[in-house]
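Undergrad: Sharing a structure with you now.
The values are calculated or read from the model by the stated rules, or taken from the named source; none is laboratory data. These numbers were taken from a predicted model, which means no experiment stands behind them. Note that we place each Cβ from the backbone using ideal geometry, even for glycine, and neighbour counts take in every protein chain shown.
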């Protein structure tokens with residue numbers, strides 16, 4: 001299955017969960033969804049660098065654990081939603097728990113290149129910021145970074161995940177670039193900026209200069 005189809009499957013499954021739970025307004029609470037699915041959610045000490053969440057399976061019972069050191073509510077909610085993705089997405093339980101029982105560690109937040117992690121990230125974004133509700137919220141949020149901040153407050157999501165979702169649906173031309181040190185971890189472009197022939201798509205591992213000046217029309221906000 002191609003990367004595009006993987007992400008479409010994740011979006012579709014998240015929409016199914018939203019519909020099953022009759023969710024019609026923001027914010028979407030992943031803890032409530034987990035509770036209704038009889039999934040225990042609680043914090044856990046983690047010493048593994050980058051590990052944000054865990055999905056545990058014992059027989060037919062599941063539990064979601066999130067790293068206790070996370071102090072960002074939006075990222076905690078995203079992490080829980082990511083693990084719900086592993087629970088709901090077709091084939092994930094079988095892939096992650098081939099022997100039936102076990103515990104799976106996740107590095108959520110769009111940093112993993114593994115197929116199942118990318119899908120779970122996409123599911124989390126689509127669950128917490130459903131397309132129909134999020135598009136309506138964008139129309140009321142304004143433009144640029146203030147709009148992203150407003151949407152993050154509304155959805156109770158992290159700035160990063162909200163900016164990525166905003167880039168997906170906005171008519172603005174913008175790029176969301178996340179880096180570690182002087183290297184790109186990932187880059188998301190809005191459709192309008194993706195169509196701009198003068199913009200260079202940054203790939204994971206690319207070097208970022210200390211200061212970047214991009215000549216864009218004055219009506220194009222930059223995040």
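Yes/no per residue for (1) within 30 Å of residue 47 (Cβ to Cβ); (2) modelled with pLDDT of 95 or more; (3) over 16 Å from the mean Cα position of the chain (by Cα); (4) assigned to a loop (DSSP other than H, G, I, E, B):
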residue: 83; (1), (2), (3), (4): yes, yes, no, no
residue: 86; (1), (2), (3), (4): yes, yes, no, no
residue: 100; (1), (2), (3), (4): yes, no, yes, yes
residue: 111; (1), (2), (3), (4): yes, no, no, yes
residue: 117; (1), (2), (3), (4): yes, no, no, no
residue: 127; (1), (2), (3), (4): yes, yes, no, no
residue: 136; (1), (2), (3), (4): no, yes, yes, no
residue: 145; (1), (2), (3), (4): no, no, yes, no
residue: 154; (1), (2), (3), (4): no, yes, no, no
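Undergrad: Can you name the condition, by its number, that residue 26 falls short on among (1) under 22 Å from residue 102 (Cα atoms); (2) in a loop (DSSP other than H, G, I, E, B); (3) within 17 Å of the chain's Cα centre (by Cα)?
TA: Failed condition: (1).
Undergrad: Continuing with this model, one more query. Based on this model, can you work out whether residue 76 counts as buried (at least 18 other Cβ atoms within 10 Å of the Cβ), free of Cβ contacts under 8 Å to residues at least 24 places away in the same chain and touching a strand residue (DSSP E or B) at 6+ places or on another chain (Cβ under 7 Å)? Can you show your working first?
TA: Details: buried (at least 18 other Cβ atoms within 10 Å of the Cβ): yes; free of Cβ contacts under 8 Å to residues at least 24 places away in the same chain: yes; touching a strand residue (DSSP E or B) at 6+ places or on another chain (Cβ under 7 Å): yes.
Judged against the criteria, residue 76 is a match.
Undergrad: Within region 160-169, which residues are surrounded by fewer than 22 Cβ atoms within 10 Å (Cβ to Cβ) and out of contact with any strand residue (DSSP E or B) (no Cβ under 8 Å at 6 or more places or on another chain)?
TA: 169
Undergrad: Take the residues in region 170-187 that are in contact with a strand residue (DSSP E or B) (Cβ under 8 Å, 6 or more places away or on another chain) and in contact (Cβ under 8 Å) with a residue 40 or more places away in the chain; name whichever of them is nearest to residue 75 (Cα to Cα). Full working, then the answer.
TA: Residues of region 170-187 that are in contact with a strand residue (DSSP E or B) (Cβ under 8 Å, 6 or more places away or on another chain), as a first pass: 174-179, 182-187.
Of the ones still in play, those that are also in contact (Cβ under 8 Å) with a residue 40 or more places away in the chain are 174-176, 178, 185-186.
On the way: 174: 22, 175: 21, 176: 17, 178: 15, 185: 17, 186: 17 Å.
Only one residue tops the list, namely 178.
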